[in-house]
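Read the structure below first, then the notes.
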Amino acid sequence: MALLNILHFPDPRLRTVAKAVTEFDDELRLLVSNMFETMYEAPGIGLAATQVDRHIRLLVMDVSEGRNQPRCLINPEILEADGEEETDEGCLSVPGFYEKVRRAEHIKVRSYNENGEVAEFDADGIEAVCIQHEMDHLEGKLFVDYLSNLKRNRIRSKLVKSLKQQAN
Ligand code: NI
């Protein structure tokens with residue numbers, strides 16, 4: 001297994017729209033393991049393939065307290081959504097920033113696992129928030145897009161500045 005490099009906002013590659021997964025093969029399963037390792041190491045509760053510069057509809061997550069319930073969602077679709085919830089969100093691609101975002105409270109999801117098996121399930125709370133956040137990544141969208149221009153620009157300049165400091 002290997003740790004993957006996580007792209008940071010405002011990297012334009014984070015704006016790529018991901019393509020559907022069509023082959024459920026060993027290469028895909030290796031990417032899934034590497035994404036889990038990268039997510040746990042970060043540490044984070046979710047990671048979309050977009051964030052590691054792989055533009056396919058795949059995300060991994062683990063919202064459990066014990067960090068022992070890995071879930072992999074491939075070609076996920078939201079079949080139903082209702083309610084509203086506002087949660088403080090962060091993102092491994094926007095390190096150090098947490099802001100309130102409004103999302104659906106309950107969702108019904110259909111997705112495939114790394115072996116190509118399809119399942120439908122309901123999610124709410126942090127699990128629903130995480131799935132919606134990671135699915136946004138697959139559309140090239142980030143949680144900072146829900147903020148005011150002022151807030152987003154402030155976050156962008158701080159991240160660009162810290163990137164320059166790291167490079168020096
Ligand atoms: Ni994120």
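The values are calculated or read from the model by the stated rules, or taken from the named source; none is laboratory data. Please read these numbers as outputs of a predicted model, since none were measured by experiment. Positions of Cβ are backbone-derived with ideal geometry, glycine not excepted, and every protein chain shown enters the neighbour counts.
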Q. When region 13-40 is examined, which residues are found to be among the hydroxyl-bearing types (Ser, Thr, Tyr) and out of contact with any Leu (no Cβ under 6 Å at 6 or more places or on another chain)?
A. Thr16, Thr22, Ser33, Tyr40
Q: Could you please find all residues in region 139-149 being within 11 Å of the ligand (Cβ to nearest atom) and outside any loop (DSSP other than H, G, I, E, B)?
A: Phe143, Val144
Q | Whichever residue in region 121-159 is over 17 Å from Gln51 (Cα atoms) and of a type in the set (Val, Ile, Thr) and, among such residues, is nearest to the chain's Cα centre (by Cα) | A | Val129
**Q.** Meets criteria (closer than 30 Å to Glu27 by Cβ, surrounded by fewer than 12 Cβ atoms within 10 Å (Cβ to Cβ) and hydrophobic (A, V, I, L, M, F, W, C)) for Ala123
**A.** no
(Q) Between Ser162, Ser93, which is under 15 Å from Leu7 (Cα atoms) and modelled with pLDDT under 95? (A) Ser162
**Q.** Matching residues in region 117-160 - criterion: being in contact with a helix residue (DSSP H, G or I) (Cβ under 9 Å, 6 or more places away or on another chain) and over 28 Å from Phe97 (Cα atoms)
**A.** Asp122
Q. Going by the structure shown, is Ile126 modelled with pLDDT of 95 or more, within 16 Å of the ligand (Cβ to nearest atom) and farther than 24 Å from Arg15 by Cβ?
A. yes
Q: Any chance you could count how many residues in region 71-104 are surrounded by 14 or more Cβ atoms within 10 Å (Cβ to Cβ), away from the ligand (no atom under 12 Å from the Cβ), over 20 Å from Thr38 (Cα atoms) and not charged (D, E, K, R)?
A: 6
Q | Count of residues meeting criterion [more than 9 Å from the ligand (Cβ to nearest atom) and part of a strand (DSSP E or B)] in region 44-59 | A | 3
**Q.** Members of region 66-81 found to be of a type in the set (Gly, Ala, Ser) and part of a loop (DSSP other than H, G, I, E, B), listed by number
**A.** Gly66
Q: Check off (1) under 19 Å from Ala49 (Cα atoms); (2) within 14 Å of the chain's Cα centre (by Cα) for Asn113 and give me the number that stays unchecked.
A: (2)
(Q) Can you tell me which residue is nearest to Cys130 (Cα to Cα) among those in region 10-43 that are in contact with a Lys or Arg (Cβ under 7 Å, 6 or more places away or on another chain) and part of a loop (DSSP other than H, G, I, E, B)? (A) Ala18
Q) Within region 26-43, how many residues turn out to be within 14 Å of the ligand (Cβ to nearest atom) and out of contact with any helix residue (DSSP H, G or I) (no Cβ under 8 Å at 6 or more places or on another chain)? A) 3
